[in-house]
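To start, the structure itself, in structure tokens.
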Amino acid sequence: MKVLLIGTFETKSVELGYLSEALARNGLDVEPVDVSLGAGGTVLSGAEKLARMAERAEAAAAHIAAHCDECYVAVGVGGGTGGEIVLAALKGLPAVYPKVLITTMAFDPRAALADTAITLVPTLCDIEGLNPMLRQVFENAAAMVAGLYRAQVPTAERATAVAVTTLGATGRAGAEVARLLGDLGFEPTVFHANGYGGAAFARFVQESAVAGVIDLNVHELGRLRLAGAHVPMPTRFSCANGLPRVVLPGALNFIGLGEIGTLLPEHVERPHYRHSAYFTHVKLTEAEMASQAQALAGLLNEAQAPCHVILPMGGFSHEDRIGGAIEDAHLRTVAAEVLEAEARAYSTQRIPDHINTPETAQAAVSALQTAMSKRTEDA
């Protein structure tokens, strides 16, 4: 029962030593991975430090990737600098490989965690010498790591997975699609298309045995091209190019922005609504919709497997309906005409329903079944 223990042994040898002993008391063998900068007490310049951090993270990532099959859990310890190095190294492991980072939380880890399942264990106190609080954190983490070892899940269980994207604005559709897929014997794996979820969706599709994709909500296209607020997700719309895929323009009609008080005057002047205290949805202009649809068409034309676009002309999101805050039938027509005119590697279908109706969910699932059958026939 071996685990990888990653940290800066040059500066945290006592603390890492205690954690090693705690892991051993839980029946685990430890393979240390040292990511120390090797400065020897010398103060490095900012550029030198960053370069060395990247070098150590890359070397550690290569080492742990080579040993992950024999070590079933990876555990890292670090504050500011050490935590960043460990986090970068852990990201090289498969997304669902058990990973734990024990850290002072000296940086915002959300973007780095978007596409990988790393369990964070805050130390509360700094990692500067042992004390009762830090010892308890290490003891808790060691017991948790032992539990992770025993909780290994065979990857073969994901062979019937279908990746689905959704958001609150298409929540009813997402739930109904998941239910219908479950009834057919698939395991729907649903991702929140808010940027973090999109990054996770892309990595899941790339690494897992995914049978197909229903990209119900393409909200991240607006975050990438219009809002300017997103986490890195370069393969968000290309990861499923080789898979049977159904795409809907969920949330294509608005820009997802922040708190109402942070909006630019030009956005406040447009039709909008507060989705929550933290998020405001602003309706696209006609020019923006044409540009977004053109961009989506270009991405979908890279498909190498059956790809079908369903256009629910009754509305693209929950407030794009009769009486809704950002309802606009003309915008839907603009999107549909562009996507239809630009179709090269995908097919299109207009339906009269709103995206959140059971009829749309059924159409999406049926289309995926057809795409999967077509791929089997072509093979």
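The values are calculated or read from the model by the stated rules, or taken from the named source; none is laboratory data. All values derive from a computational prediction rather than experimental measurement. Because the Cβ atoms are built from the backbone with ideal geometry, glycine has one as well, and the counts that use them run over all protein chains shown. Heads up: the accessible areas ignore ligands, DNA and RNA and are worked out on the full protein's heavy atoms, side chains in. Shrake-Rupley method; radii C 1.70, N 1.55, O 1.52, S 1.80 Å.
With a cut-off of 17 Å on the backbone N, the residues of the stretch 212-236 near the modelled label site 7 Å out from GLU266 along Cα-Cβ are 222-229. For the pair TYR278 and GLN369, label points projected 7 Å from Cα toward Cβ lie 3.8 nm apart. Cβ under 11 Å from SER20's Cβ, SER20 left aside: what net charge do those residues give with Lys, Arg +1 and Asp, Glu -1? Here the charged neighbours net out to -3. Accessible surface of the chain, 1.4 Å probe: 54 percent of it comes from carbon and sulfur atoms.
The trypsin sites (Lys or Arg not before Pro) of the stretch 310-379 that meet both conditions, a loop assignment by DSSP and at most 15 other Cβ atoms within 10 Å of the site Cβ, are ARG344. For the stretch 66-118, the Cα gyration tensor yields ellipsoid semi-axes of 19, 12, 8 Å (square root of five times each eigenvalue, largest first, whole Å). Given an 8 Å cut-off on Cα distances and at least 6 residues of separation, report the relative contact order of the chain as a percent. With pairs under 8 Å counted, the relative contact order is 12 percent. Ignoring the sites themselves, the chain has its longest run without GluC sites (Glu not before Pro) in a DSSP loop having at most 10 other Cβ atoms within 10 Å at 71-268.
For a quick check of your reading of the filter: which chymotrypsin sites (Phe, Trp or Tyr not before Pro) in the stretch 182-280 sit in a DSSP loop and have no more than 11 other Cβ atoms within 10 Å? Here the sparse-neighbourhood loop sites are TYR278. In order along the stretch 274-289, the phi-based Karplus estimate (6.51 cos²θ - 1.76 cosθ + 1.60, θ = phi - 60°) of 3J(HN,Hα) comes to 8, 5, 7, 5, 9, 10, 10, 9, 10, 5, 6, 7, 4, 5, 5, 5 Hz; Gly and Pro are listed as x. For the stretch 136-238, the C-alpha radius of gyration divided by 2.2 N^0.38 Å, with N the number of residues, is 1.29. In this structure, the pairs whose alpha-carbon distance is over 31 Å, taken from LYS49/LYS99; LYS91/LYS374; LYS99/LYS283; LYS12/LYS91; LYS12/LYS99, are LYS91/LYS374; LYS99/LYS283. Overall shape of the stretch 185-270 was characterised from the C-alpha gyration tensor. The equivalent ellipsoid obtained from it has semi-axes of 28, 12, 10 Å, in decreasing order. Over the stretch 263-372, accessible surface divided per residue gives 44 Å², non-protein components excluded, 1.4 Å probe. Note on ASP69/ASN140: beta-carbon distance plugged into 1/(1 + (r/R0)^6) with R0 of 22 Å gives a FRET efficiency of 0.20.
Would you mind checking the tilt of helix 358-378 against the longest principal axis of the Cα atoms of the chain, expressed as 0 to 90 degrees and rounded to 10? Value to nearest ten degrees: 80. Each distinct pair of alpha carbons in the stretch 275-379 adds a 1/r term; the inverse of their mean, the Kirkwood radius, is 14.9 Å. With N as its number of residues, the chain has a Cα radius of gyration that, divided by 2.2 N^0.38 Å, comes to 1.13. Against the main long axis of the alpha-carbon atoms of the chain, helix 171-183 sits at an angle near 80°. Taking every Cα-Cα distance in the stretch 227-312 and sorting them into 10 Å bins from zero, the calculated P(r) comes out as 15, 40, 31, 13, 1 percent. Each helix, a run of at least 4 DSSP H residues, gives -39500 (n - 2.57); summed and divided by the residues of the chain, these come to -12500 deg cm²/dmol at 222 nm.
Here the relative contact order of the stretch 1-122, from alpha carbon pairs under 8 Å that lie six or more residues apart, stands at 26 percent.
What the stretch 1-144 shows is 45 Å² of accessible area per residue, with the surface traced by a 1.4 Å probe over protein heavy atoms. What net charge is computed for the residues neighbouring GLU31, neighbours being all others with C-beta under 13 Å from the C-beta of GLU31, Lys and Arg scored +1, Asp and Glu -1? Result for the neighbourhood of GLU31: -3.
With contacts taken as Cα pairs under 8 Å at a separation of at least 6 residues, the stretch 43-102 carries a relative contact order of 39 percent. For ALA193, the shell of other residues with beta-carbons less than 10 Å away shows a net charge of 0, using +1 for Lys and Arg and -1 for Asp and Glu. Between 0 and 90 degrees, the angle of helix 13-25 with respect to the longest Cα principal axis of the chain falls at about 80 degrees.
Each eigenvalue of the Cα gyration tensor of the stretch 84-203, multiplied by 5 and square-rooted, gives one semi-axis; in descending order these are 33, 18, 13 Å.
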